[in-house]
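Data block below; observations after.
The values are calculated or read from the model by the stated rules, or taken from the named source; none is laboratory data. Keep in mind that this is a model prediction, so the values were computed, not measured. Heads up, the Cβs are rebuilt from the backbone with ideal geometry, glycines too, and the neighbour counts pull from every protein chain shown. Areas reflect the complete protein model, heavy atoms only, side chains present, ligands, DNA and RNA absent. Shrake-Rupley method; radii C 1.70, N 1.55, O 1.52, S 1.80 Å.
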Amino acid sequence: MPDLKPYLRWIAQRILKIVKGRRFLTIVGTLVGLFILMNYILLPAYVRHGGTLNVPDVTGMPLDTARNVLDDKGLQTIQAETRPDPDHAVGTVINQNPEAGAVVKHGRRVYLTISGGEAQVNVPALRGRSTRDAKFALERFGLKLGGISYSTSSNFPENTIMEQSVAPDSRVSRGTVVNVTVSTGREMRQIEVPQLVGKSTTEAEKLLLG
């Protein structure tokens, strides 16, 4: 087996000569300089490009007011969605993303969720139904059957609803009370019963038909 020591010694000398050379030092110095330039100058400058700021808190504000506040800070307003919220007035901001206090760059988009107010439902049609059916129909929509009044009607059968205080398909808040008017049937005209005692059958029949 040949002796490798002279060969290894020659390689070590060559590497040492290269390390001591000016070209190697120049390359190393250049790499170190680039690292410093990128890590401490270019990257921080890129992050700070346009400046940064804290996102203001616009929750609870009307949409137009919130948009003006964000515009003044150099931020973009995006209306993300509208959803029912009984605790906030219609058109006010109930959520924002990024949250208030977040550090962002100028021009960042801020997504706003707007309150649609209390949830609205359609009032069902109650005419022609019994009060029992009407009560169940209203409760399915979160509504309540209110006062019941009675009136004669030639168009609606007895004990069926002929009128309702809130028109069908109206949009109302849950819990709204709907009053109804129930038909008592056709109006019956009262007449005086004639005196039939002492009359013949033929005479009594004529009096009753009259």
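Brief remarks follow.
- Considering Ala119, Ala134, Ala125, Ala167, the condition of being under 30 Å from Leu63 (Cβ atoms) and either open to solvent by less than 100 Å² (accessible area, probe 1.4 Å) or under 30 Å from the mean Cα position of the chain (by Cα) (or both) is satisfied by Ala119 alone.
- Scope the stretch 111-142; condition of a type in the set (Phe, Trp, Tyr) and farther than 30 Å from Asn97 by Cβ; matching residues: Phe136, Phe141
- Here the stretch 171-210 is the region considered, the condition is being small (Gly, Ala, Ser) and under 60 Å from the mean Cα position of the chain (by Cα), and the residue that is farthest from Ile148 (Cα to Cα) is Ser173.
- Only one of the numbered conditions (1) surrounded by fewer than 16 Cβ atoms within 10 Å (Cβ to Cβ); (2) assigned to a loop (DSSP other than H, G, I, E, B); (3) β-branched (Val, Ile, Thr) is not met by Ile148, and that is (2).
- Looking only at residues in the stretch 170-182 that are modelled with pLDDT of 95 or more and among the aliphatic types (A, V, I, L, M), the one that is most open to solvent (accessible area, probe 1.4 Å) is Val177.
- The residues of the stretch 183-204 that are part of a loop (DSSP other than H, G, I, E, B), surrounded by 13 or more Cβ atoms within 10 Å (Cβ to Cβ) and modelled with pLDDT under 80, listed by number, are Leu196, Lys199.
- Across the stretch 151-164, the number of residues qualifying as open to solvent by 50 Å² or more (accessible area, probe 1.4 Å) and β-branched (Val, Ile, Thr) comes to 1.
- The stretch 67-92 residues that are on the phi > 0 side of the Ramachandran plot, paired with ones that are at pLDDT 90 or above and open to solvent by less than 90 Å² (accessible area, probe 1.4 Å) (beta carbon under 6 Å, 6 or more apart): Gly91/Pro62; Gly91/Leu63
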